[in-house]
Structure formats: structure tokens, C-alpha cells
Amino acid sequence: MTKADIIEVIAKKAHLTKKAARESIDAFLDEVIRQVEKGEKVVLSGFGTFKIGKVKDKKGRNPQTGDDLIIKSHKVVRFIVGKTFKRLVK
């Protein structure tokens, strides 16, 4: 399912135009990204939680040369599935 598919479904279910549905989804996604970027957790009850995680330095290997290297610590976005969503998928 693509973003365009989701927009179409939301437009039908919420009785909106596709433009209004797209603007709503874009506003929602922009705000989720903005909050996570600031380091805030975004909790959507029943769906899941988006938050920033940290990855420590770790050993790696250059696949082209085979040389060992250190992959520096960095931040990643984590998604933890909510209980309701998890139950539906099992």
C-alpha cells in the first residue's frame, strides 16, 4: 500500500476530497517527524511509538576491501508496535 492508496482510503472513509485527505496526512506526518527530530516520543495509542534511539560504536567490515572499520555511534528512529496492533498481526 502506498501513500496514494492511503489518501484514497482516508478520503472515502472520512468523506473528504483527495486534496483534503492528502493535506491532513501530510500535516500529520510532518508533525510526527518534527517531534521525533526534536527528541520527543510520539505515542499513538494502540498503534505504536516513534522515538530516537542511539547506536553505539561497533566493529564493521568494508565489503569491497575486507578491511575492518569502526561504525561510529549515531541516532536512529525506532518504532515500537502498540499492543493492539501487535495482537492483530499475530
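Yes or no, residue by residue, for (1) charged (D, E, K, R); (2) under 20 Å from Glu31 (Cβ atoms):
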position: Ser45; (1), (2): no, yes
position: Phe50; (1), (2): no, yes
position: Asp68; (1), (2): yes, no
position: Ile71; (1), (2): no, no
position: Phe79; (1), (2): no, yes
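Restricting attention to the range 41-57, which residues are at positive phi and at pLDDT 95 or above? Quick ask: steps written out before the conclusion?
Within the range 41-57, the subset at positive phi is 46, 48.
Within the range 41-57, Gly48 is the sole residue that qualifies.
Enumerate the pairs (first residue in the range 32-47 and over 23 Å from Arg87 (Cβ atoms); second residue anywhere and assigned to a loop (DSSP other than H, G, I, E, B)) with beta-carbon separation below 9 Å, excluding pairs fewer than 6 apart on the same chain, so at least 6 apart or on different chains.
Final answer for the pair search is Arg34/Glu40; Gln35/Lys41.
The values are calculated or read from the model by the stated rules, or taken from the named source; none is laboratory data. Because the structure is a prediction, the values reported are computed rather than measured. For neighbour counting, all protein chains shown are included, and Cβ atoms are generated from backbone atoms with ideal geometry for every residue, glycine included.
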